[in-house]
1. Which of the residues belonging to segment 129-150 are at pLDDT below 90 and outside any helix (DSSP H, G or I)?
2. Determine if segment 77-84 includes at least one residue that is out of contact with any Cys (no Cβ under 7 Å at 6 or more places or on another chain), at pLDDT 70 or above and more than 17 Å from Asn166 (Cβ to Cβ).
3. Output yes when any residue across segment 388-403 is under 24 Å from the mean Cα position of the chain (by Cα), at positive phi and in contact (Cβ under 8 Å) with a residue 24 or more places away in the chain, and no when none is.
4. Whether any residue in segment 224-246 is at pLDDT 80 or above, surrounded by fewer than 19 Cβ atoms within 10 Å (Cβ to Cβ), closer than 11 Å to Ala105 by Cα and more than 22 Å from the chain's Cα centre (by Cα) is what I want to check.
5. Could you tell me which of the residues Ala116, Ala72, Ala101, Ala62 is of a type outside the set (Phe, Trp, Tyr), surrounded by fewer than 24 Cβ atoms within 10 Å (Cβ to Cβ) and out of contact with any strand residue (DSSP E or B) (no Cβ under 7 Å at 6 or more places or on another chain)?
6. Can you name the residue in segment 1-36 that is modelled with pLDDT under 75 and of a type in the set (Lys, Arg) and, of all such residues, is farthest from Gln162 (Cα to Cα)?
7. Mind checking which residues of segment 351-389 are outside any loop (DSSP other than H, G, I, E, B) and among the β-branched types (Val, Ile, Thr)?
8. Only one of these conditions is not met by Gln298: (1) under 18 Å from Gln163 (Cβ atoms); (2) surrounded by fewer than 21 Cβ atoms within 10 Å (Cβ to Cβ). Which number is it?
Amino acid sequence: MLLRGLNRLGLTLRAHAAYGSEYKNLIKLGLPVMVTQIGVVVVSFADTIMVGRCGTPELGAAAFVNAIFMVAIVMQFGFSGGLTPIAGALFSSGDSDGVGATAKAGLIVNVAVSVAFTIILGIFYFFIGYLGQPAELLPLIRPYYLVMLCTLVPMAIFNSFQQISNGCTDTALPMWLVIGSNILNIFGNWVLIWGKFGFPELGLLGAGISTLCARVVGMSGMVAVFAWSRKRGCYREGWRKNHGVELRGRCSKVWKTSYPVMFQSGIECFMWSLGGVVSGWFGTIQLASYQVVNTIAQLGYMIYMGFGVATSIRVANYIGIREYGNAGRIATAGLHLILGLAVVACAVFVGLFRPLVEIFTPDMAVVAATGPLLIPLVLYQFGDAVQITYVNAQRGTGRVKPLFRMAVLSYIVLGAPFMLLLAVGFGLKNVGVYYSFTLALMTMALTLALYFRKTLRDMPAKGEK
């Protein structure tokens, strides 16, 4: 009996030690990604603050355009995320040529997808006037929309190299490039929105031009590092050798691994974009307050995503060497960290909600309209934390096709009708929009957690194909 107890104690201590090691690994990988994501939040905060100071119409126009483009941006980012498990598995097995070849194939496919998005949204531009938005916003919406259209391809190029870097456990490089481009973006906003240093005062259009310039600079930095840095020389050889039939095969693999992630991300984001359109049905104040709270909500989402990406990388590394028990432990460790961050985010939202809102807009009508959104904002954080953990863990396995079906069920079949019922049917307006997010995210979280466990059980053992 005593020996059995000691054995159990030993197993427990080893399990705790293993989790402690995984926490450290996730924090080491996740912190640079989190800083990168916080940088995105800071720019979003700065854009909203600066545009909000131009006036409530400008804030509403930015909310509408950003709601539309967020779908394409998130889908592009999701598509590039399909490179992480491929690069992570190749990196963990020491295949440098394979990493370089995947980088080339990934760039080609990601740019092709981005060009397709650019064409689709370019056509959509001619139908903006039929979406029921306030007429006074259309002169502000149209030029801002066209500038944002030009940012999609530079973003796709940056994302491709970023995910290859992440898969090879180098999350610091993208962090520094994003920080630099974000500083440029904020400075450009100040110059172009209010006309400093002899530049014309462009208002909302200036914010769009600044964003375009920052994204081009970030893309250029990422390409330059891959092309000339000594550290990435081992990958350039695989890039050069990858052509013809091999290149087409790798492009096909990238597509098959990436498109389910893209559609899952796009469907999720579609619900938030639909929320922006629905909020606009109730006037500029409802739309502007929705934009302000969405910007604040990014504080939680982007921080969770940093450790979600780290979870994906570590799961992919273990899948590459077929250590599935460790992959499961990584997902659990990631869940612990991300739920802890969700508690912190909720405390910040509850304690600082009104001051945060007042940073973005001086319009007291908009401030008052944000108040009822606090409770649903807090409620959906925990569903968001769980689904971010397991969607990234599932991406790390490379078995991503079911993500599309899960997203359709959670966001289209359940979430969107529930949104319309609450917002329009019950007259809750943008408050109903926010409550619908909780149902959708909790459904997605549950289905993802169950499917990830099933995936690990179905994985082939070492020596099997």
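The values are calculated or read from the model by the stated rules, or taken from the named source; none is laboratory data. For clarity, every value in this text was computed on a predicted model and none was experimentally measured. All Cβ positions, even for glycine, are placed from backbone atoms using ideal geometry, and neighbour counts span all protein chains on display.
1. Residues satisfying the conditions are Leu131, Gly132, Gln133, Pro134.
2. No - not one qualifying residue is present in segment 77-84.
3. yes
4. Yes, segment 224-246 contains at least one residue that is at pLDDT 80 or above, surrounded by fewer than 19 Cβ atoms within 10 Å (Cβ to Cβ), closer than 11 Å to Ala105 by Cα and more than 22 Å from the chain's Cα centre (by Cα).
5. Going through Ala116, Ala72, Ala101, Ala62 in turn, the sole match is Ala116.
6. Going through the qualifying residues, I end up with Arg4.
7. Selection gives Val357, Ile359, Val366, Val367, Thr370, Ile375, Val378, Val386, Ile388, Thr389.
8. Here Gln298 clears every test but (1).
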